[in-house]
Amino acid sequence: MERSDTKAIIFVAVVVAIIIAVTLIGFMREAGKADEQTRGCPNDAKVCPDGTTVGRVLPNCEFARCPDSRP
């Protein structure tokens, strides 16, 4: 095998390795986003002035707004 053939094979192998690495990183990032979207909020509640309760909502797990009790 000639020296130029060896260099070409090494170059192709490095390019393929880079493509695989970038693809895997993309999949890992997407998996992380999915974990964030499927996680749950604490199961506690807030009592509103009208006596109703509201729970926490995604994405920040803040309490939902209390219903407007004005007539």
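The values are calculated or read from the model by the stated rules, or taken from the named source; none is laboratory data. These numbers come from a predicted model, not from an experiment. Quick reminder, even Gly has a Cβ in these numbers, built from the backbone with ideal geometry, and neighbours come from all protein chains shown.
Before moving on, here are some points about what is shown:
- Of the criteria (1) surrounded by fewer than 10 Cβ atoms within 10 Å (Cβ to Cβ); (2) modelled with pLDDT of 90 or more, which one residue 60 fails: (2)
- Among (1) out of contact with any Lys or Arg (no Cβ under 7 Å at 6 or more places or on another chain); (2) modelled with pLDDT of 80 or more - the single one residue 53 does not satisfy: (1)
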